[in-house]
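Student: Starting off with a structure, shown below.
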Amino acid sequence: MSEQKTLSIIKPDATARNITGSINARFEQAGLRIIAQKRISISKEQAEKFYEIHQDKAFYDSLCEYMSSGPIVVQVLLGNDAVAKNREIMGATNPANAAIGTIRRDFGESIEHNAVHGSDSEENAATEIAFFFSGIELVG
Ligand code: IDP
Ligand code: MG
């Protein structure tokens, strides 16, 4: 096991329902440390840039509209195998298919409004962290 960083986003459906603290508790209970965090809102153009790997998907336009529709909390999580650990506690993309006890099962509303984003590889985590944070903002 190696210490890793991963990029997490608490999505607009979750900030709207005032459950950011409940979600953060899941990260901390799993041994992940929140070493950077900020509540921001992004434009549709910024969402399109962040999700550009999905630009050919049918859901891309709706996803980018949604991610720019309200506040998000972007955060960097640090811990052993943080990328995989976060994906595990997030659960499957569709909350209806997510394992019992996962964040998306407990807090997600739909396949699009699924409460959280988490990087899917260490390489993508580095790119995604750099998208939102400068090095001086990461305080481990
Ligand atoms: P992930 O967030 O579990 O990694 P991705 O396939 O990378 O899932 O999709 C990015 C985001 O796009 C999802 O978290 C979800 O918000 C949205 N999304 C994925 N698939 C669909 C879909 O079939 N319909 C609507 N939105 C979707
Ligand atoms: Mg993904």
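Student: Evaluate the following for Thr20: is it surrounded by 13 or more Cβ atoms within 10 Å (Cβ to Cβ), among the hydroxyl-bearing types (Ser, Thr, Tyr), within 15 Å of ligand 1 (Cβ to nearest atom) and at pLDDT 95 or above?
Tutor: Numbers: surrounded by 13 or more Cβ atoms within 10 Å (Cβ to Cβ): yes; among the hydroxyl-bearing types (Ser, Thr, Tyr): yes; within 15 Å of ligand 1 (Cβ to nearest atom): no; at pLDDT 95 or above: yes.
Here the answer is no, as Thr20 does not meet what is asked.
Student: In the stretch 25-40, what residues are touching a strand residue (DSSP E or B) at 6+ places or on another chain (Cβ under 7 Å) and not charged (D, E, K, R)? Don't jump to the end; show me each part of the working.
Tutor: Of the residues in the stretch 25-40, the ones touching a strand residue (DSSP E or B) at 6+ places or on another chain (Cβ under 7 Å) are 27, 31-40.
If the condition is that a residue be touching a strand residue (DSSP E or B) at 6+ places or on another chain (Cβ under 7 Å) and not charged (D, E, K, R), then Phe27, Gly31, Leu32, Ile34, Ile35, Ala36, Gln37, Ile40 are the ones that fit.
Student: To continue, here is another question. What is the one condition in (1) over 13 Å from Val116 (Cα atoms); (2) of a type in the set (A, V, I, L, M); (3) assigned to a helix (DSSP H, G or I); (4) out of contact with any Asp or Glu (no Cβ under 6 Å at 6 or more places or on another chain) that Ile23 does not satisfy?
Tutor: Result: Ile23 fails condition (1) only.
Student: Still on this structure: What about Glu28, is it farther than 19 Å from Phe131 by Cβ and among the acidic types (Asp, Glu)?
Tutor: Values: farther than 19 Å from Phe131 by Cβ: yes; among the acidic types (Asp, Glu): yes.
Spelling it out, Glu28 is indeed farther than 19 Å from Phe131 by Cβ and among the acidic types (Asp, Glu).
Student: When you go through Ser119, Ser68 one by one, which is the residue that is without any contact (Cβ under 8 Å) to a residue 60 or more places away in the chain, small (Gly, Ala, Ser) and in contact with an Asp or Glu (Cβ under 9 Å, 6 or more places away or on another chain)? Explain how you work it out, then say what you get.
Tutor: Values: Ser119 fails: without any contact (Cβ under 8 Å) to a residue 60 or more places away in the chain.
Residue meeting the stated conditions: Ser68.
Student: Condition first: touching a strand residue (DSSP E or B) at 6+ places or on another chain (Cβ under 7 Å) and of a type in the set (A, V, I, L, M, F, W, C). Can you find one or more residues in the stretch 50-70 that meet it? Walk me through how you get there before you give the answer.
Tutor: Just the residues of the stretch 50-70 that are touching a strand residue (DSSP E or B) at 6+ places or on another chain (Cβ under 7 Å), to begin with: none.
The answer is no, given that none of the residues of the stretch 50-70 is touching a strand residue (DSSP E or B) at 6+ places or on another chain (Cβ under 7 Å) and of a type in the set (A, V, I, L, M, F, W, C).
Student: Of everything in the stretch 70-81, what is closer than 29 Å to Lys44 by Cβ and either within 15 Å of ligand 2 (Cβ to nearest atom) or of a type in the set (A, V, I, L, M, F, W, C) (or both)? Give them in sequence order.
Tutor: Residues of the stretch 70-81 that are closer than 29 Å to Lys44 by Cβ, as a first pass: 70-77.
Ile72, Val73, Val74, Val76, Leu77, listed by residue number.
Student: OK, next. Is it true that Ala47 is within 14 Å of ligand 2 (Cβ to nearest atom) and within 21 Å of Ser134 (Cβ to Cβ)?
Tutor: Details: within 14 Å of ligand 2 (Cβ to nearest atom): yes; within 21 Å of Ser134 (Cβ to Cβ): yes.
Yes; evaluated as a whole, the condition is true for this residue.
Student: Could you please find all residues in the stretch 23-49 being within 24 Å of Leu63 (Cα to Cα), of a type in the set (A, V, I, L, M) and exposed (fewer than 15 other Cβ atoms within 10 Å of the Cβ)?
Tutor: Once the filter is applied, which keeps residues that are within 24 Å of Leu63 (Cα to Cα), of a type in the set (A, V, I, L, M) and exposed (fewer than 15 other Cβ atoms within 10 Å of the Cβ), the stretch 23-49 yields only Ile40.
Student: Could you identify the single residue in Ala25, Ala30, Ala14 that is among the aliphatic types (A, V, I, L, M), free of Cβ contacts under 8 Å to residues at least 24 places away in the same chain and closer than 23 Å to Glu109 by Cα?
Tutor: Values: Ala30 fails: free of Cβ contacts under 8 Å to residues at least 24 places away in the same chain; Ala14 fails: free of Cβ contacts under 8 Å to residues at least 24 places away in the same chain.
The unique qualifying residue is Ala25.
The values are calculated or read from the model by the stated rules, or taken from the named source; none is laboratory data. Not measured: the values here are computed from a predicted model. Glycine also receives a Cβ, built like all others from the backbone with ideal geometry; neighbour counts cover every protein chain displayed.
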